[in-house]
1. Go through (1) of a type outside the set (Phe, Trp, Tyr); (2) without any contact (Cβ under 8 Å) to a residue 12 or more places away in the chain; (3) out of contact with any helix residue (DSSP H, G or I) (no Cβ under 8 Å at 6 or more places or on another chain) one by one and return the number of the condition B:Ile274 breaks.
2. Could you pull out the residue among A:Ile258, A:Ile250 that is in a helix (DSSP H, G or I), open to solvent by 60 Å² or more (accessible area, probe 1.4 Å) and among the β-branched types (Val, Ile, Thr)?
3. Of the residues that sit in region A:318-335 and are at pLDDT 80 or above and open to solvent by 40 Å² or more (accessible area, probe 1.4 Å), which one is nearest to A:Gly288 (Cα to Cα)?
4. Out of the residues in region A:140-170 that are touching a residue at least 60 places away in the same chain (Cβ under 8 Å) and facing another protein chain (nearest Cβ under 7 Å), which is surrounded by the most Cβ atoms within 10 Å (Cβ to Cβ)?
5. List the number of the failed condition for B:Leu231; all other conditions in (1) open to solvent by less than 20 Å² (accessible area, probe 1.4 Å); (2) closer than 26 Å to B:Gly170 by Cβ hold.
6. Answer yes or no as to whether B:Ile146 is under 21 Å from B:Asp245 (Cβ atoms) and either of a type in the set (A, V, I, L, M, F, W, C) or surrounded by fewer than 21 Cβ atoms within 10 Å (Cβ to Cβ) (or both).
7. Identify, please: which residue in region B:245-268 is surrounded by fewer than 21 Cβ atoms within 10 Å (Cβ to Cβ) and more than 9 Å from chain A (Cβ to nearest Cβ) and is, among those, farthest from B:Leu184 (Cα to Cα)?
8. Does region B:260-267 contain any residue that is touching a residue at least 40 places away in the same chain (Cβ under 8 Å), among the acidic types (Asp, Glu), in contact with a helix residue (DSSP H, G or I) (Cβ under 9 Å, 6 or more places away or on another chain) and assigned to a helix (DSSP H, G or I)?
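The values are calculated or read from the model by the stated rules, or taken from the named source; none is laboratory data. Worth saying up front: this structure is predicted, and the values here are computed from it rather than measured. Using ideal geometry, Cβ is built from the backbone for each residue, glycine included, and neighbour counts are taken over all protein chains shown. Each accessible area value is taken on the protein alone, full model and side chains, heavy atoms only, with ligands, DNA and RNA left out. Shrake-Rupley method; radii C 1.70, N 1.55, O 1.52, S 1.80 Å.
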Amino acid sequence: MLRFFFSRVLVLVPTFIGVSIVAFAFIRLLPGDPITLIAGERGVSAERYAELQAEFGYDRSIVVQYLDYLFGLVTGDFGTSITTKRPVLQEFFTLFPATLELAFCAMVIAIVLGIPAGVFAAVKRGSWFDQTVMGAALVGYSMPIFWWGLLLIIFFSGVLQWTPVSGRISLLYFFPQVTGFMLIDSLLSGQDGAFTSALSHLILPSVVLATIPLAVIARQTRSAMLEVLGEDYVRTSRAKGLAPRRVIGIHALRNALIPVVTTIGLQVGVLMAGAILTETIFSWPGIGKWMVDSVFRRDYPVVQGGLLLIAMIIMFVNLVVDLLYGVINPRVRTR
Amino acid sequence: MSHISAQESEEGVGADIPDRGPKKSVRRQMLEEFWFYFSENKGAVLGLIVFALIVLTAIAAPLIAPYSPILQNRDALLVPPVWQDGGNWAYLLGTDAVGRDVLSRLLFGARYSLFIGIVVVVIAVTVGISIGLVAGYFGGWLDTVIMRVMDVILAFPSLLLALVLVAILGPGLTNAMIAIALVLQPHFVRLTRASVMAEKRREYVTAAQVVGASPLRLMVVTILPNCLGPLIVQATLSFSNAILDAAALGFLGMGAQPPTPEWGTMLAEAREFILGAWWVVTFPGLAILVTVLAINLIGDGLRDALDPKMKRS
């Protein structure tokens, strides 16, 4: 197991180096050179230019610059935002809980609805339930979620007036950030209605963000379940006279879930891409909106740092899923 | 029995039988078999019909669209669709904030979406398959390097990487298409490489090698045709992904620029009217959804028809 663990971690090293090279190259690939970018539209004199170049180390060889950048990353230096003058890492950690809260709720919705839907669809293969669920899943999978979000706003916020249009909580409530998760913080604050307000702000963005993972999980669960239901051991346990619920719920489901776990892990990248759109629509102050705003503000150090941090999160989650896969499926470990 | 022996003798004599006749019928048989499995899937057939209609719409847009997609009528701003109060037969699906006919813009928008899909898929498939063939055929350090580079691309969320690439290249439809193609091609590299590695060891490849086929011929003529099944399915999925991603970039203001009647860009322009004029928001998104759904239905059908594992079930 330990060997399996280290082999998986070791594979990530070249990927991390590659990802850091992409982030490093990003600023240098932008049209115009970084000094002119920093100097802004007024421009700088030739002497000041050389001075700035030395100050930021752009006069050194590209390899030295990269190693310097890499060393900075190891010590937690992900650059400084041009607009706020704050370290990128600090901004990231301020905004990340908002995205995490949203992504977590979306994932809960996707898993809680997706797995049972997939299982029942497989068990009742060909029934109207199966056809409805799979039809809905395909629609969900094809959904332009930025439009889906707008539709939900039109209906639930506009017509029914049930939910707010944007933000994380009503401006009426103010309390200190403890965990960064609005649902928990609002409960801790003890203010009347704060939790309900936070929840009503969270529900639409979560549903929007959950749409594609939900569709993918339902489809994947169904096909994994169908495969397992055809296996000999399922037939054997049926022949032994086990209750159908036991055969499906315990024997079949346990094996069917193995590929589903991988699918769930792969959804993290989908969630991050979805967060960019969802957060933009709902003005959700998370890292997706932060990245889009930074691209528009031309706050390139933030884009560079954010790009790298997001890739690192995805790599980390993929590693965890990989390891988890090794735990639940021992055959992988010996490979 | 007689059928089998006839076939055997055919293969045995080989040299003096012109191979055109039987080859043609084999190909036809394959097509027939393909259509048999594809048409089993009713959804796929429906998707194909809808997709064909969208293609026709795109081609005939200048003929059937009532107005120019960029013509502004200052006397008819935000006119609702014809069935609503205040609707007007002159504008079936209403007009947008600057008085352009929504229907005409949607019809012309179909051209952009299909064009985006085709260009992106062609780039991603060509580049992806070439790299994948090289990686899978030659193996060794070249393969390792290529696959690590693909891992790096896949480590980023596709839309984020496309967004950042567009920030480097500059906003616009062409750059958006390049960025999306770059983000989508690792899937083709991986698929091609995996099938090439599996096929490479087969006897027919060794046979061709012994006869003296060059590596290029082995890769492209001998091996590639036998790897096409999953690649076709992936190309279909990439087609719909390209449309979605391009629309998302357009929505974020980084894709096609106004006044281009691209569906995502139309949605971006319509965003501020969501609570006042539902039609400017609803129809472009519906157009994206229907197009993507049709392509994905076709993709499901193709998978059923091309995946030998599915055929048995």
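1. With respect to (1) of a type outside the set (Phe, Trp, Tyr); (2) without any contact (Cβ under 8 Å) to a residue 12 or more places away in the chain; (3) out of contact with any helix residue (DSSP H, G or I) (no Cβ under 8 Å at 6 or more places or on another chain), B:Ile274 is out only on (3).
2. A:Ile250
3. Going through region A:318-335, the residues at pLDDT 80 or above turn out to be A:318-324.
Filter once more, so that each one left must be open to solvent by 40 Å² or more (accessible area, probe 1.4 Å): A:318, A:320, A:322, A:324.
Numbers: A:Asn318: 19, A:Val320: 22, A:Asp322: 25, A:Leu324: 27 Å.
Among them, the one singled out is A:Asn318.
4. Our first condition is that a residue be touching a residue at least 60 places away in the same chain (Cβ under 8 Å); within region A:140-170, this holds for A:140-141, A:143, A:145-146, A:148-150, A:153, A:165-168.
Those still in the list that are facing another protein chain (nearest Cβ under 7 Å) too: A:141, A:143, A:146, A:150, A:153.
Values: A:Tyr141: 20, A:Met143: 22, A:Phe146: 26, A:Leu150: 22, A:Ile153: 23.
Result: A:Phe146.
5. Unmet condition: (2).
6. Numbers: under 21 Å from B:Asp245 (Cβ atoms): no; either of a type in the set (A, V, I, L, M, F, W, C) or surrounded by fewer than 21 Cβ atoms within 10 Å (Cβ to Cβ) (or both): yes.
No; evaluated as a whole, the condition is false for this residue.
7. Of everything passing the filter in region B:245-268, B:Pro259 is farthest from B:Leu184 (Cα to Cα).
8. We begin by selecting, within region B:260-267, every residue touching a residue at least 40 places away in the same chain (Cβ under 8 Å); these are B:260-263, B:266.
Retained after the next criterion (residues that are among the acidic types (Asp, Glu)): B:262.
Applying the additional criterion that residues be in contact with a helix residue (DSSP H, G or I) (Cβ under 9 Å, 6 or more places away or on another chain) yields B:262.
If we keep only those that are assigned to a helix (DSSP H, G or I) too, we end up with none.
No.
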